[in-house]
Amino acid sequence: MTEGRKAAVCGKPIAHSLSPVVHTAGYAAAGLFGWTYSAIECAEAELPALVAGLGPEWAGLSLTMPLKEVALAVAASASPVAIAVGAANTLVHRPDGTWHADNTDVAGMIRLLTDAGLGAAPSVSVLGGGGTARAALAAAATIGATEVTVVTRRPESLRELAPAAGALALTRRLVPAMALATGLAALSGAAGLILSFHLEIAAGASVALCACVLAVVSLSTAH
C-alpha cells in the first residue's frame, strides 16, 4: 500500500472531464491505491488562491481550459517547453512546497503523429487558438513545419499565438472559422477532413492538428 496522495484536474467547465476516471484506473494499475484524483472547477482568477491553499498531500494538478496560460504565473519554475509555448497543462508539487509547471501536450502530440507514421510536414494547420494550440505549434515545429495556419473563431488568437510561433520560427496565417465545417473546407479543399485530428499527408504534405485531440486518423490512402 502506497502513502495517500491527491491530484486533480482543474478548469471551467470541468464536470464533463473523464480525467478522474482515467487517472483512477491508472493509479490502480500502478498499485497507487492510496492516491485519489478529482475534478475541481476553477476559473483563471481563482487558480492562484486554489494552488496556495493546497497542502503537502497534493502531488499535482492537471490543467485544462482556461488555465493553461495562467498556470505559468503561479509556478515557481517551469520546463523549457512550457516556457517556449507560454502554456502549461501540469503543475507538480515539489517537496519544498513550490510548484513546477510543465507541458506534456507537446510530447503527446508528437507521439501520436509519429505513431501514425508521419515523417515530416512542412505545412501544418491548427484547429483552435487556445492553450493547447500553443502546444500544437511546438509539435508542428518538431516535425519540421515552417508554416502554420490557425483556424479559429477568435481573430485575436493569432496575436496571442505570435510569441510562441516566433520562438519556434513558424510563419502563420489566420483562417476565421465561423463554423467548423467552413474552416475545415478552407483547409482541405476536396480532401475529406472530418475527424477532430486529421493527417492529410498525400496532398501537399500538410497536416492539420486539432487543439482538442483525442485520436489520430489518416484519411489519405498514400503516405
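The values are calculated or read from the model by the stated rules, or taken from the named source; none is laboratory data. For clarity, every value in this text was computed on a predicted model and none was experimentally measured. Because the Cβ atoms are built from the backbone with ideal geometry, glycine has one as well, and the counts that use them run over all protein chains shown.
Structural remarks
- Residue list for the range 11-23, filter: surrounded by 15 or more Cβ atoms within 10 Å (Cβ to Cβ) and part of a helix (DSSP H, G or I): SER19, PRO20, HIS23
- Flag for PRO155 being at pLDDT below 80 and closer than 25 Å to ALA71 by Cβ: yes
- Meets criteria (in contact with a His (Cβ under 9 Å, 6 or more places away or on another chain) and either in the same structural domain as THR90 (by TED's automatic domain parsing) or surrounded by 16 or more Cβ atoms within 10 Å (Cβ to Cβ) (or both)) for TYR27: no
- Selection count, the range 67-86, where residues are modelled with pLDDT of 90 or more, of a type outside the set (D, E, K, R) and not in a helix (DSSP H, G or I): 7
- In the range 27-51, the residues that are more than 21 Å from ALA87 (Cβ to Cβ), more than 20 Å from the chain's Cα centre (by Cα), of a type outside the set (S, T, N, Q) and not in a loop (DSSP other than H, G, I, E, B): TYR27, ALA28, ALA29
- Only one of SER77, SER19 that is under 26 Å from ARG159 (Cα atoms) and out of contact with any helix residue (DSSP H, G or I) (no Cβ under 9 Å at 6 or more places or on another chain): SER77
- Applying a threshold of 8 Å to beta carbon distances and a minimum spacing of six or more residues, or different chains, the list of pairs starting in the range 13-30 at a residue that is over 24 Å from GLU44 (Cα atoms) and ending at one that is loosely packed, with under 12 Cβ neighbours inside 10 Å and not acidic (Asp, Glu) reads TYR27/PHE33.
- Only one of the numbered conditions (1) without any contact (Cβ under 8 Å) to a residue 24 or more places away in the chain; (2) surrounded by 16 or more Cβ atoms within 10 Å (Cβ to Cβ) is violated by TRP35, and that is (1).
- Of all residues in the range 52-66 being within 18 Å of the chain's Cα centre (by Cα) and modelled with pLDDT of 95 or more, the one that is surrounded by the most Cβ atoms within 10 Å (Cβ to Cβ): LEU61
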